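First the structure, which I've put down as structure tokens, then a few questions once you've had a look.
Nothing in this text is a laboratory measurement; each read-out follows from the coordinates by a stated rule. All of these numbers come straight from a predicted model, not from anything done at the bench. Reconstructed Cβ throughout: ideal geometry from the backbone, glycine too, with neighbour counts over all protein chains shown.
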Amino acid sequence: MPGRQPARVRATGAVAWQAFALQRRRAAQQRAARAAEPAQARRSSRSRQRPARATVTRGTDATCAPPASDGADTDVAHPRAIRSFVTRAGRTTSGQARALAELGPRYVLPHDPKTPDLIAACAHQTSARGQKYDKFVLEIGFGMGHATAHIAALMPDTLFIGCEVHEPGVGALLKLMGEQGLGNIRIVPHDAVEVLRQTVAPATLDGIHIFFPDPWHKKRHHKRRLIQPPFVRELAERLKPGGHLHLATDWQPYAEQMLAVLGAEPLLANTADGYAPRPAYRPETKFERRGLRLGHGVWDLVFRRRPAA
């Protein structure tokens with residue numbers, strides 16, 4: 001098991017875990033309440049809650065302005081952002097739940113928009129060798145955490161901060177940390193876009209990893225793709241000069257979009273002529289291996305932040 005952390009770290013993790021545990025309890029209560037309702041009552045409730053269909057006028061930007069309804073956010077100055085993910089209902093196994101209970105208070109960090117510099121807040125923490133971390137890598141959407149744990153084991157003096165909104169994934173990574181004795185990972189169970197914008201200061205990250213983000217295959221859903229020019233600029237600004245941005249996808253049209261968007265960002269320079277060979281530190285996933293056996297492709301992109309002028 002990872003070594004004990006300083007009291008301040010444990011206290012911070014406890015606050016995060018209390019909020020996370022409360023969220024889990026509320027979700028469980030809501031599921032139980034829905035299950036207890038008769039089927040007819042559930043159908044009636046859903047029909048009452050369904051908002052009226054919005055009328056979209058051609059030539060207007062309706063993507064960030066949901067129709068007004070009871071309780072909806074109608075603040076035009078701060079419209080609701082388009083999410084690049086959907087919150088899936090997944091089953092948390094007993095092993096994942098045990099890891100959440102035992103390791104969550106220590107390694108789950110709260111998302112606090114009032115924290116101006118998440119990296120500075122973690123800088124006092126020490127590695128298993130007793131040294132303060134001087135390199136920080138942010139991973140956006142780590143899934144079940146296999147790649148995160150693998151890379152963290154290879155780089156024990158780097159602190160990895162993973163953002164993931166799905167509870168089974170958080171529990172799975174914590175379970176891997178306990179099994180492998182990894183202490184150089186922190187988890188923020190919150191929307192990574194908000195974490196980046198609100199709590200990561202410019203030029204503080206040595207790397208950013210985004211492996212296999214949702215490709216949103218349908219054309220009408222392309223606006224939900226994470227890799228868009230404005231967000232790539234925000235990613236580049238958070239990197240230190242020389243810091244790397246590593247993307248991977250198994251959907252060729254998305255890979256082409258990624259290459260075009262990153263190639264057009266003046267703060268970034270491609271480390272390869274087009275797509276990059278898979279870096280040795282990124283493990284192949286079981287889905288990736290299956291896809292390769294079937295003749296499907298996987299595309300890696302590795303760009304670096306240009307030196308300051």
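If you rank Tyr254, Tyr107, Tyr133 by fewest surrounding Cβ atoms within 10 Å, what's the result? Walk me through the numbers on the way to the answer.
Numbers: Tyr254 22, Tyr107 25, Tyr133 19.
With the sparsest Cβ surroundings first, the list reads Tyr133, Tyr254, Tyr107.
Here is a follow-up. Amide H neighbours of Asp157 under 5 Å, counting only residues 5+ apart in sequence or on other chains, H built in-plane at 1.01 Å?
Here the answer is none, since no amide H 5 or more places off falls under 5 Å of that of Asp157.
Work out the length of the dipole vector of the stretch 162-286 about its Cα centre, built from +1 on the beta-carbon of each Lys and Arg and -1 on the beta-carbon of each Asp and Glu, and round it to the nearest 20 debye.
300
Across the stretch 156-173, in residue order, what do the Karplus-derived ³J(HN,Hα) couplings come to in whole Hz, using 6.51 cos²θ - 1.76 cosθ + 1.60 with θ = phi - 60° and x for Gly and Pro?
Values, residue by residue: x, 9, 10, 8, 9, 10, x, 10, 8, 9, 9, 4, x, x, 4, x, 5, 5 Hz.
Using a Förster distance of 30 angstrom, determine the FRET efficiency expected from the C-beta separation of Met155 and Ala33, and round it to 0.05.
Working: r = 45 Å, r/R0 = 1.49.
With R0 = 30 Å, the Cβ-Cβ based efficiency is 0.10.
Related question: Convert each backbone phi in the stretch 295-306 into a coupling constant with the Karplus relation 6.51 cos²θ - 1.76 cosθ + 1.60 (shift: θ = phi - 60°), then list the ³J(HN,Hα) values in order as whole Hz, x for Gly and Pro.
These are the phi-based 3J(HN,Hα) values: x, 7, x, 9, 10, 9, 10, 10, 10, 10, 5, 5 Hz.
At a 10 angstrom cut-off on C-beta neighbours, averaged per residue, how do the peptides 243-252, 299-308 rank from highest to lowest? Walk me through the numbers on the way to the answer.
On the way: 243-252: 21.4, 299-308: 18.5.
Ranked by mean Cβ neighbours within 10 Å, highest first: 243-252, 299-308.
If we count other beta carbons within 10 Å of each Cβ, what is the order of Glu237, Glu167, fewest first?
In increasing order of surrounding Cβ atoms, one gets Glu237, Glu167.
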